[in-house]
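The values are calculated or read from the model by the stated rules, or taken from the named source; none is laboratory data. Being a predicted model, the structure only gives us computed values, none of them experimental. Here the Cβ positions follow ideal geometry from the backbone for every residue, glycine too, while neighbour counts run over all protein chains shown.
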């Protein structure tokens, strides 16, 4: 059992180290480890775990590591796989933070940070626009023929935005409110 826990940790440490792009980009790498290399799961089991990981809150690689670890070695396996998946990203983030903070007064480093900030805003805006298009029009692309406008989603969005901005309500309460309303309208 302890050998399995060690192998889970090392395997997910490698996955975390090379998971640049995250999300869907990491799915083939995880599959290579858990299905092809170690035969821990069948392809069907792996597909089921990926599906569950996408439905639960949190990053895909962390959720998948937790589910694979618990499936193979219980709670200790889940802890080992999860720690392995986040440890390398954590260490790299700390290193980059210290580097940028030490050299932030250098113009080129300052410009790099400004560029990263700008691109982060762009990535967040892109993700938000995609979610809005899917929620309101049922498509992720502008200009697709045959889309339908979801009036209920637009009304819920406007009401939620109003409650958040005007009355500063807790976002969790808004999510519960809209979830309950969604039960009746969807």
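Any idea which residue in the range 136-154 is farthest from residue 185 (Cα to Cα), counting only those that are over 27 Å from the mean Cα position of the chain (by Cα) and at pLDDT 85 or above?
149
Any chance the range 36-44 includes a residue that's crowded, with 16+ Cβ neighbours inside 10 Å, free of Cβ contacts under 8 Å to residues at least 60 places away in the same chain and part of a helix (DSSP H, G or I)?
no
Quick check on my filter: what residues within the range 11-26 are surrounded by fewer than 17 Cβ atoms within 10 Å (Cβ to Cβ) and either more than 14 Å from residue 62 (Cα to Cα) or at pLDDT below 90 (or both)?
If the condition is that a residue be surrounded by fewer than 17 Cβ atoms within 10 Å (Cβ to Cβ) and either more than 14 Å from residue 62 (Cα to Cα) or at pLDDT below 90 (or both), then 17, 18, 20, 21, 22, 23, 24, 25 are the ones that fit.
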